[in-house]
Amino acid sequence: MSKENLTISDMKQMQLELYEVNKAKWNDMEPEAARNHLLYMVEELGECISIIKKKGIDSIMNDPHVRSRFVEEITDVENYYIEVLNRLNITAEEFSNAYVEKHNSNMKRNYEKDNQSKYNDKTF
């Protein structure tokens, strides 16, 4: 498998292979387990945030060691994300179609206007 440009299908298959190796220790491949994987994903995202806070963006961009650690943590986020797709049986095609639709919607969106009305609400 090429390391250059993994597809969603590639990543899903790789996660399924990892699951097969560890299924005796891990939860069954059931949809209810997706909740925990989302929580683990947020935990890993927190580790990414910690690197940003402690080392800064410049270090992520210019220090090979810091960058490697950051990429490792963001990869952990992706692993749990793919686990959620697998546990909820979301296909690569289903995700890709939703991604393209959301992208097309976002391309027409006025973020400044949306955020202005969202955060100028006096109910805060």
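The values are calculated or read from the model by the stated rules, or taken from the named source; none is laboratory data. Just so you know, these numbers come straight off a predicted model, no measurement behind them. Quick reminder, even Gly has a Cβ in these numbers, built from the backbone with ideal geometry, and neighbours come from all protein chains shown. Please note that ligands, DNA and RNA were not included when accessible areas were found on the heavy atoms of the full protein model with its side chains. Shrake-Rupley method; radii C 1.70, N 1.55, O 1.52, S 1.80 Å.
Things worth noting here:
- ASP10 accessible area, 1.4 Å probe, all protein chains in place, Å² to nearest 10: 40 Å²
- Residues listed by number, the stretch 60-100, amide nitrogen under 12 Å from SER9 label point at 7 Å toward C-beta: 92-94
- Hits among lysines - C-alpha to C-alpha of LYS12 under 25 Å, sequence gap 8 or more where chains match: LYS3, LYS23, LYS25, LYS102
- Under 17 Å from LYS113, Cα to Cα: lysines that are on another chain or at least 8 residues apart: LYS122
- Pairwise Cα inverse-distance average, inverted: Kirkwood Rh of the stretch 55-106 (Å): 13.2 Å
- A 1.4 Å probe run over the chain, with the rest of the protein chains in place, finds 78 Å² accessible per residue.
- Computed from Cα atoms, the angle from the helix 34-62 axis to the main principal axis of the chain rounds to 60 degrees.
- Overall size of the chain from C-alpha positions, given as principal axis extents largest first: 52, 37, 32 Å.
- Inter-label distance for SER96 and LYS55, nm, one decimal - labels placed 7 Å from Cα along Cα-to-Cβ: 3.3 nm
- The C-alpha atoms of the chain define a longest principal axis, and helix 92-107 lies at about 10 degrees to it.
- Distance between modelled label sites at GLU20 and LEU88, nm, 7 Å Cα→Cβ extension: 2.5 nm
- Evaluated with a Cβ-only charge set (Lys, Arg +1; Asp, Glu -1), the chain carries a dipole of roughly 540 debye about its Cα centre, given to the nearest 20.
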